Amino acid sequence: MHEHDVLVIGGGGAGLRAAIAAHEEGADVAIVTKLHPVRSHTGAAEGGINAAIREGDDWELHAYDTMKGSDYLGDAPAIETLAQDSPEETVQLEHWGMPFSREDDGRVSQRPFGGLSFPRTTYAGAETGHHLLHVMYEQVVKRGIQVYDEWYVSNLAVTDHDDAEDRECHGVVAYDIKTGAVEGFKARNGVILATGGTGQVYDHTTNAVANTGDGAAMAYRAGVPLEDMEFVQFHPTTLPSTGVLISEGVRGEGGILYNSEGERFMFEYGYANNAGELASRDVVSRAELTEVNAGRGVEDEYVYLDMRHLGEERITDRLENILHLARDFEGVDALEEPMPVKPGQHYEMGGIETDENGETLIDGLYAAGECACVSVHGSNRLGGNALPELIVFGARAGRHAAGADLGEAEITKGKTAEIEEEDGLDTPVEPGAVPSGDDEAVADGSDDVAADGGAAVVDPDETVRRAVERERTRIEELMQKDEGIKHSDLRADLQQSMTENVNVFRNEDGLKQALEDIREVREAYQDVYVNDPSRTFNTDLIHTIETRNLIDLAEAITLGALARDEFRGAHWRQEHQERKDDEWLKHTMLSWNDGTPELWYKPVILEGEDKTYEPKERSY
Amino acid sequence: MSTQVPEEKEQSETEQEVNAETEAEISEGASYGDQRRDQRDAQRRQSVSGAPADIEGESFRLKVFRYDPEVEGKMEPRFDDFAVPKQKGMTVLDALIYARDRYDTTLTFRHSCRQAVCGSDALFINGRQRLGCQTQISDLEEPVRVEPLPHQDVVKDLVVDMEHFYDQMHAVEPFFQPEEDPDGDLEEYRQTRENREKIKMSTRCIWCGACMSSCNIAAGDNQYLGPAAINKAYRFAMDEREGENMKEHRLNVMDQEHGVWRCQTQFSCTNVCPKDIPLTEHIQELKREAVKQNLKFW
């Protein structure tokens with residue numbers, strides 16, 4: 001059994017920042033990641049980091065823009081923390097050597113981004129995430145922080161108290177991808193989940209293949225609520241054939257969107273008369289699809305994004321990476337012709353419920369970055385707000401897990417006095433785990449914590465040991481079958497249904513269809529098998545376990561989307577074309593209760609440090 | 001656990017041949033949702049940005065290196081043939097994924113971002129180091145041979161051991177070491193646009209290992225730092241924010257027996273770099289700087 005003070009699961013931006021922060025607090029910290037840290041998906045972020053670091057800007061403006069962008073579903077204490085901590089965290093990256101783009105005076109450059117009232121997006125060309133990831137990995141190397149790379153964490157070691165609020169997390173179980181060994185990792189102080197997004201729920205996504213939402217699914221099944229999962233961000237400019245992201249920086253620098261008639265539709269059809277292409281992402285994504293549906297799309301699928309007029313010099317200086325992406329992945333020379341673009345899944349705004357210090361409902365379990373929901377993005381994330389989220393909340397989680405006193409959090413966790421139960425959501429099929437015999441439940445990874453009878457296990461060592469035994473049994477079960485269904489077929493069916501039914505435009509029939517499809521996939525998963533008998537680098541096995549995680553998260557997204565009968569931010573409902581503040585200024589919460597998803601709500605916190613954010617109509 | 005292989009080997013080879021013939025036959029062996037999947041595949045091909053997406057009956061032919069150290073029947077390296085339906089815009093990585101998901105789920109390779117930034121799918125494709133995701137298969141001569149990166153230990157199929165590469169990267173103190181801090185937490189180091197431009201290309205490295213694999217010198221000298229690590233050192237040595245003393249220290253690290261002087265300017269690293277980093281030039285520049293530093297008594 002490996003043992004450390006703090007275990008960070010995931011080696012992307014949030015994980016690296018958490019590890020550095022915990023190390024600075026004096027903790028013995030280790031990172032466990034299924035990739036190598038420099039392979040993490042943070043490296044694909046292009047646009048930049050919002051931080052109020054210039055005269056004329058201040059954190060309160062950043063907080064206001066973010067609250068408005070969220071369509072008033074963000075929690076003010078989280079948003080204000082983001083805006084307050086981001087300047088120092090961003091300049092910290094510069095002090096670690098990050099090669100930001102520069103102004104004539106040698107200071108770092110900033111540029112305009114969608115939904116921002118000040119050009120506060122700090123950037124390094126159109127490859128900001130790549131530099132952020134590498135700079136932080138360099139700091140991890142400098143500090144000698146231990147990294148277990150290519151170790152796949154497949155479950156958490158959580159005590160089996162009946163009530164999730166009483167449970168404690170003492171570590172994780174991880175699978176050494178290179179050798180097939182299943183081992184326990186004990187955390188004396190805390191486990192920080194920083195496992196990133198869940199874009200693989202969809203088949204057209206900017207996300208990496210590794211983004212399977214493992215941390216969110218594991219925390220969910222261990223009893224931590226998932227929050228606001230229905231709010232999935234679709235980025236308006238992705239390449240049609242691959243989903244590769246074309247940064248919002250293109251529009252920030254003055255790029256223009258055209259339809260097939262050559263019309264600048266954002267203005268022409270009044271989608272955003274003031275901000276045009278720089279309206280927030282939900283607005284632009286819907287505008288594009290409305291154009292396509294009205295027959296003004298190109299080849300009935302996409303629209304054009306044109307940056308030729310910016311001139312070669314400016315493009316090369318600030319957006320060079322975009323030229324390479326357009327050429328390599330779409331065969332388009334963006335200096336000579338406009339780029340085809342369409343909306344693609346980009347970011348999961350919901351996630352593991354945490355407070356400002358990264359703590360979850362379960363003692364000793366933290367989450368930060370895209371897998372978490374603090375919540376700073378509410379129903380729509382502003383471009384340039386993901387990277388500050390990683391560093392701000394990664395650092396806070398790291399410090400807190402290492403024992404630093406960050407003060408009492410204002411965001412509450414779990415079911416408090418103010419919660420509201422969902423009364424009777426009409427679902428076409430039973431959501432949640434498929435009832436089955438014990439053996440299958442183990443192979444499925446879905447056995448609930450107290451299921452196997454006997455006395456409750458609460459001792460830390462015993463908790464980790466038992467979790468390891470469960471995972472060994474689960475993996476044996478998966479490997480022993482000689483025939484069955486391939487995970488790749490199930491994953492493809494799941495992605496297809498989600499893309500058809502739970503996309504930018506949603507309606508009740510589609511959402512119900514998705515729930516039926518998810519149920520079908522879940523039942524079929526009972527017969528999933530791993531064809532590869534090898535203990536060496538068995539990606540067949542890893543993808544099989546990941547697919548189970550995708551099923552649970554797809555269901556959480558869809559249940560939330562079906563329940564929320566209003567139109568807010570990224571969540572558009574055909575039958576409900578208005579924001580209903582009287583009913584819906586609340587977070588959708590989902591708890592895994594003995595295999596049954598339980599839906600409830602908690603109020604949004606609109607009271608900030610010294611002001612209340614009054615919901616207004618959002619116009620750009 | 002490791003017994004079903006000899007059988008499976010024969011079976012999988014014949015199956016692949018047969019499966020490659022027609023779409024109809026591909027779906028025959030499957031047991032779940034066949035019809036839906038075929039419809040979906042047809043839809044997908046149509047949706048790939050117009051054009052004659054799928055040319056009836058035509059396929060790309062892949063020859064893929066296979067090896068598994070612990071599974072009987074797979075311990076002897078071999079090549080497996082796969083046929084993948086032609087689709088516009090298909091990359092070598094797409095083809096590998098198709099082959100894995102449709103024909104043989106044991107086919108093993110690293111990949112993640114699919115957009116040339118995670119660096120995990122550097123492979124030896126038709127005799128050259130390339131990123132699978134960045135290589136259009138239609139640009140290559142058939143059959144397309146896909147092998148693991150040369151000069152690295154093969155773990156399984158197309159996966160190589162990257163430990164030595166990481167060790168070399170770590171050996172050059174790959175982290176920013178400025179001599180003085182700016183005044184105040186919110187004050188930045190100043191860096192001229194020109195200086196940022198100078199280091200820009202060197203900061204693009206994605207640690208894919210293609211350069212190291214292509215380098216004859218690195219193949220023969222295990223201690224040679226290699227192009228990626230030297231480029232990393234260049235990135236810091238040339239960054240004006242670190243200061244002159246630190247630059248001197250970095251040049252000393254480079255000015256060693258297994259440092260920059262091992263490079264014989266064969267340009268193979270520069271030729272294969274998927275991010276167009278002028279690696280050889282960077283190594284030469286460090287050689288010049290090291291010489292200048294040694295002659296400082298002038």
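The values are calculated or read from the model by the stated rules, or taken from the named source; none is laboratory data. Keep in mind it's a predicted model, so treat the numbers as computed, not measured. Note that we place each Cβ from the backbone using ideal geometry, even for glycine, and neighbour counts take in every protein chain shown. We work out accessible area using only protein heavy atoms, side chains counted, and drop any ligands, DNA or RNA first. Shrake-Rupley method; radii C 1.70, N 1.55, O 1.52, S 1.80 Å.
Go over the candidates A:Ala124, A:Ala52 one by one and state the one that is within 14 Å of chain B (Cβ to nearest Cβ), assigned to a loop (DSSP other than H, G, I, E, B), hydrophobic (A, V, I, L, M, F, W, C) and surrounded by fewer than 24 Cβ atoms within 10 Å (Cβ to Cβ).
On the way: A:Ala124 fails: surrounded by fewer than 24 Cβ atoms within 10 Å (Cβ to Cβ).
On inspection, the qualifying residue turns out to be A:Ala52.
I'm trying to understand the selection: among the residues of region A:566-583, which are free of Cβ contacts under 8 Å to residues at least 40 places away in the same chain and open to solvent by 10 Å² or more (accessible area, probe 1.4 Å)?
Residues of region A:566-583 free of Cβ contacts under 8 Å to residues at least 40 places away in the same chain: A:566-567, A:576-578, A:580, A:582-583.
Once the filter is applied, which keeps residues that are free of Cβ contacts under 8 Å to residues at least 40 places away in the same chain and open to solvent by 10 Å² or more (accessible area, probe 1.4 Å), region A:566-583 yields A:Phe567, A:His576, A:Gln577, A:Glu578, A:Lys580, A:Asp582, A:Glu583.
Can you name the residue in region A:257-276 that is open to solvent by 10 Å² or more (accessible area, probe 1.4 Å) and either among the small types (Gly, Ala, Ser) or under 22 Å from A:Thr66 (Cβ atoms) (or both) and is also farthest from the chain's Cα centre (by Cα) among such residues?
Of the residues in region A:257-276, the ones open to solvent by 10 Å² or more (accessible area, probe 1.4 Å) are A:258, A:260-264, A:267-271, A:273-275.
Okay, now just the ones that are also either among the small types (Gly, Ala, Ser) or under 22 Å from A:Thr66 (Cβ atoms) (or both), so A:260, A:262, A:270-271, A:274-275.
Working: A:Ser260: 33, A:Gly262: 35, A:Gly270: 31, A:Tyr271: 27, A:Asn274: 30, A:Ala275: 27 Å.
The qualifying residue farthest from the chain's Cα centre (by Cα) is A:Gly262.
Only one of these conditions is not met by A:Ser117: (1) under 21 Å from B:Glu180 (Cα atoms); (2) of a type in the set (Gly, Ala, Ser); (3) more than 14 Å from every other protein chain (Cβ to nearest Cβ). Which number is it?
(1) is the only condition that A:Ser117 fails.
Can you find a residue in region B:136-152 that is acidic (Asp, Glu) and either at the interface with chain A (Cβ under 10 Å from one of its Cβ atoms) or crowded, with 17+ Cβ neighbours inside 10 Å (or both)?
Step one: of region B:136-152, the residues acidic (Asp, Glu) are B:139, B:141-142, B:147.
Checking which are either at the interface with chain A (Cβ under 10 Å from one of its Cβ atoms) or crowded, with 17+ Cβ neighbours inside 10 Å (or both) leaves us with B:147.
The answer is yes; a qualifying residue exists.
Only one of (1) touching a residue at least 12 places away in the same chain (Cβ under 8 Å); (2) within 30 Å of A:Glu46 (Cα to Cα); (3) surrounded by fewer than 24 Cβ atoms within 10 Å (Cβ to Cβ) fails for A:Thr205. Which number is that?
(3)
Answer yes or no as to whether A:Thr416 is closer than 28 Å to A:Leu599 by Cβ and either loosely packed, with under 14 Cβ neighbours inside 10 Å or at pLDDT 95 or above (or both).
Values: closer than 28 Å to A:Leu599 by Cβ: yes; either loosely packed, with under 14 Cβ neighbours inside 10 Å or at pLDDT 95 or above (or both): yes.
The answer is yes for A:Thr416.
If you go through region A:128-180 one residue at a time, how many are part of a loop (DSSP other than H, G, I, E, B) and open to solvent by less than 30 Å² (accessible area, probe 1.4 Å)?
So in region A:128-180, the residues part of a loop (DSSP other than H, G, I, E, B) come out as A:144-145, A:150, A:159-163, A:167, A:177-180.
From what's left, open to solvent by less than 30 Å² (accessible area, probe 1.4 Å): A:145, A:150, A:159-160, A:167, A:177, A:180.
The total comes to 7.
May I ask you to list the residues in region B:122-135 that are at the interface with chain A (Cβ under 10 Å from one of its Cβ atoms) and open to solvent by less than 10 Å² (accessible area, probe 1.4 Å)?
To start, the set of residues in region B:122-135 that are at the interface with chain A (Cβ under 10 Å from one of its Cβ atoms) comprises B:131, B:133-135.
Result: B:Leu131, B:Cys133.
Specify the residue that is nearest to B:Glu142 (Cα to Cα); the eligible residues are those in region B:65-86 that are surrounded by fewer than 22 Cβ atoms within 10 Å (Cβ to Cβ) and within 9 Å of chain A (Cβ to nearest Cβ).
Checking each candidate, the answer is B:Pro69.
With the requirement that a residue be part of a loop (DSSP other than H, G, I, E, B), within 10 Å of the chain's Cα centre (by Cα) and either aliphatic (A, V, I, L, M) or within 15 Å of B:Cys273 (Cβ to Cβ) (or both), what does region B:122-153 give you? Even if it seems obvious, please write down each step before you answer.
Taking region B:122-153 first, the residues part of a loop (DSSP other than H, G, I, E, B) are B:126-127, B:135, B:140-143, B:148-153.
Narrowing further to those that are within 10 Å of the chain's Cα centre (by Cα): B:148-149.
Scanning region B:122-153 gives a single hit, B:Leu149.
With the structure loaded, tell me whether B:Asp38 is open to solvent by 10 Å² or more (accessible area, probe 1.4 Å), among the acidic types (Asp, Glu) and either at pLDDT 95 or above or over 21 Å from the mean Cα position of the chain (by Cα) (or both) or whether it fails that test.
yes
Let me spell it out: the conditions are (1) part of a loop (DSSP other than H, G, I, E, B); (2) over 24 Å from A:Asn385 (Cβ atoms); (3) in contact with a Phe, Trp or Tyr (Cβ under 9 Å, 6 or more places away or on another chain); (4) not hydroxyl-bearing (Ser, Thr, Tyr), and A:Glu46 meets all of them except one. Which number is the exception?
(2)
Looking only at region A:476-491, count every residue that is more than 27 Å from the chain's Cα centre (by Cα), open to solvent by less than 60 Å² (accessible area, probe 1.4 Å) and under 30 Å from A:Asp160 (Cβ atoms) and tell me the total. Spell out the reasoning first.
Quick first cut of region A:476-491, residues more than 27 Å from the chain's Cα centre (by Cα) only: A:476-485.
Still in the running and open to solvent by less than 60 Å² (accessible area, probe 1.4 Å): A:477-479, A:484-485.
Cutting the leftovers down to under 30 Å from A:Asp160 (Cβ atoms) gives us A:477-479, A:484.
Qualifying residue count for the region: 4.
A quick yes/no check of all residues on (1) without any contact (Cβ under 8 Å) to a residue 40 or more places away in the chain; (2) within 14 Å of chain B (Cβ to nearest Cβ); (3) open to solvent by 10 Å² or more (accessible area, probe 1.4 Å); (4) in a strand (DSSP E or B):
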{"position": "A:Val209", "(1), (2), (3), (4)": "yes, yes, yes, no"}
{"position": "A:Met218", "(1), (2), (3), (4)": "no, no, no, no"}
{"position": "A:Val224", "(1), (2), (3), (4)": "no, no, no, no"}
{"position": "A:His235", "(1), (2), (3), (4)": "no, yes, no, yes"}
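For a quick check of your reading of the model, give me the residue pairs whose first member lies in region A:260-283 and is of a type in the set (Ser, Thr, Tyr), whose second is outside any loop (DSSP other than H, G, I, E, B), with beta-carbon atoms closer than 7 Å and at least 6 apart or on different chains.
Close Cβ pairs (under 7 Å, with a partner that is outside any loop (DSSP other than H, G, I, E, B)) amount to A:Ser260/A:Arg296; A:Ser260/A:Val298; A:Tyr271/A:Phe265; A:Tyr271/A:Val283; A:Tyr271/A:Ala287; A:Ser280/A:Gly69.
For A:Pro240, work out the one condition from (1) assigned to a strand (DSSP E or B); (2) in contact with a Pro (Cβ under 6 Å, 6 or more places away or on another chain) it doesn't fulfil.
Here A:Pro240 clears every test but (1).
Return the residues of region A:332-386 that are open to solvent by 10 Å² or more (accessible area, probe 1.4 Å), in a strand (DSSP E or B) and charged (D, E, K, R); say none if nothing qualifies.
A:Lys342, A:Glu359, A:Asp363
Kindly indicate whether any position in region A:541-559 is on the phi > 0 side of the Ramachandran plot and surrounded by 21 or more Cβ atoms within 10 Å (Cβ to Cβ).
First, pick out the residues of region A:541-559 that are on the phi > 0 side of the Ramachandran plot: none.
The answer is no; no qualifying residue exists.
Going by what's in this entry, would A:Ser247 be described as of a type outside the set (Asp, Glu) and open to solvent by 10 Å² or more (accessible area, probe 1.4 Å)?
Criteria not met by A:Ser247.
Is there a residue in region A:392-409 that is assigned to a helix (DSSP H, G or I) and either closer than 21 Å to A:Glu230 by Cα or among the aromatic types (Phe, Trp, Tyr) (or both)?
Filtering region A:392-409 for residues assigned to a helix (DSSP H, G or I) gives A:392-401.
Narrowing the set further to residues that are either closer than 21 Å to A:Glu230 by Cα or among the aromatic types (Phe, Trp, Tyr) (or both) leaves A:393.
Taking every residue of region A:392-409 in turn, at least one turns out to be assigned to a helix (DSSP H, G or I) and either closer than 21 Å to A:Glu230 by Cα or among the aromatic types (Phe, Trp, Tyr) (or both).
Scan region B:154-177 residue by residue and report those that are open to solvent by 20 Å² or more (accessible area, probe 1.4 Å), more than 8 Å from every other protein chain (Cβ to nearest Cβ), of a type in the set (A, V, I, L, M, F, W, C) and in a loop (DSSP other than H, G, I, E, B).
B:Ala171
Return the total of residues in region A:65-106 being of a type in the set (Ser, Thr, Tyr), within 14 Å of chain B (Cβ to nearest Cβ) and out of contact with any Pro (no Cβ under 6 Å at 6 or more places or on another chain). Full working, then the answer.
At the first step, the residues of region A:65-106 found to be of a type in the set (Ser, Thr, Tyr) are A:66, A:70, A:72, A:81, A:86, A:90, A:101.
Remaining after also requiring within 14 Å of chain B (Cβ to nearest Cβ): A:86, A:90, A:101.
From the residues that got through so far, the ones that are out of contact with any Pro (no Cβ under 6 Å at 6 or more places or on another chain) too are A:90, A:101.
Selection size over region A:65-106: 2.
From the residues in region B:178-204 that are of a type outside the set (D, E, K, R) and within 8 Å of another protein chain (Cβ to nearest Cβ), which one is most open to solvent (accessible area, probe 1.4 Å)? Step through it out loud before you land on a result.
Step one: of region B:178-204, the residues of a type outside the set (D, E, K, R) are B:178, B:182, B:184, B:186, B:189, B:191-192, B:195, B:199, B:201-203.
Still in the list and also within 8 Å of another protein chain (Cβ to nearest Cβ): B:178, B:182, B:186, B:189, B:191-192, B:199, B:203.
Numbers: B:Pro178: 40, B:Pro182: 26, B:Leu186: 93, B:Tyr189: 22, B:Gln191: 1, B:Thr192: 59, B:Ile199: 0, B:Thr203: 17 Å².
Result: B:Leu186.
Do you know which residues across region B:122-143 are touching a residue at least 40 places away in the same chain (Cβ under 8 Å) and touching a Leu at 6+ places or on another chain (Cβ under 9 Å)?
Pass one, region B:122-143, residues touching a residue at least 40 places away in the same chain (Cβ under 8 Å): B:122, B:124, B:128-138, B:140, B:142-143.
Hits for region B:122-143 are B:Ala122, B:Phe124, B:Gln129, B:Arg130, B:Leu131, B:Gly132, B:Cys133, B:Gln134, B:Thr135, B:Ile137, B:Glu142, B:Pro143.
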